[in-house]
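See structure below.
The values are calculated or read from the model by the stated rules, or taken from the named source; none is laboratory data. In this text, all values refer to a predicted model and were calculated from it rather than measured experimentally. All Cβ positions, glycine included, derive from the backbone under ideal geometry; neighbour counts span all protein chains shown. When the accessible area is computed, the model is the full protein with side chains, heavy atoms only, and any ligands, DNA or RNA have been set aside. Shrake-Rupley method; radii C 1.70, N 1.55, O 1.52, S 1.80 Å.
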Amino acid sequence: FRRRGEFDRAIALHERLAADAVVPALRERARMELAQDYLAAGLMDRAARLLHELAASPAQHAAATLKLMQLHETEGDWSE
């Protein structure tokens with residue numbers, strides 16, 4: 001859905017997957033996809049909040065940190 005520009009459908013799908021996942025690794029993966037949906041839709045505050053949470057997860061730390069750095073670079077949210 002995200003590739004086709006249907007961000008609302010992608011967000012709804014990944015929200016459901018994250019909420020319904022029993023296996024923690026699948027839940028975290030769905031949440032990472034949700035953060036990418038937020039980024040693609042321009043919902044930067046939601047993406048940043050979710051990426052900060054995911055950065056605390058050992059399994060998603062590297063990917064979430066990289067996305068956060070890219071987000072802050074794009075938004076110019078760093079102090080010199």
* Members of region 36-46 found to be farther than 25 Å from P24 by Cα and loosely packed, with under 12 Cβ neighbours inside 10 Å, listed by number -> G42
* Check whether at least one residue in region 63-76 is among the charged types (D, E, K, R) and open to solvent by 80 Å² or more (accessible area, probe 1.4 Å), and report yes or no. => yes
* Structure fact -> Residue pairs qualifying under the 8 Å Cβ cut-off, at least six apart or on distinct chains, with the first in region 9-31 being under 16 Å from R46 (Cβ atoms) and the second being open to solvent by 80 Å² or more (accessible area, probe 1.4 Å) and among the charged types (D, E, K, R), are A18/R27; R31/E53
* For Q60, state whether it is touching a Leu at 6+ places or on another chain (Cβ under 6 Å) and not small (G, A, S). => yes
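Within the group R29, R2, R49, which residue is assigned to a loop (DSSP other than H, G, I, E, B), surrounded by 11 or more Cβ atoms within 10 Å (Cβ to Cβ) and not β-branched (V, I, T)?
So the residue among R29, R2, R49 that is assigned to a loop (DSSP other than H, G, I, E, B), surrounded by 11 or more Cβ atoms within 10 Å (Cβ to Cβ) and not β-branched (V, I, T) is R2.
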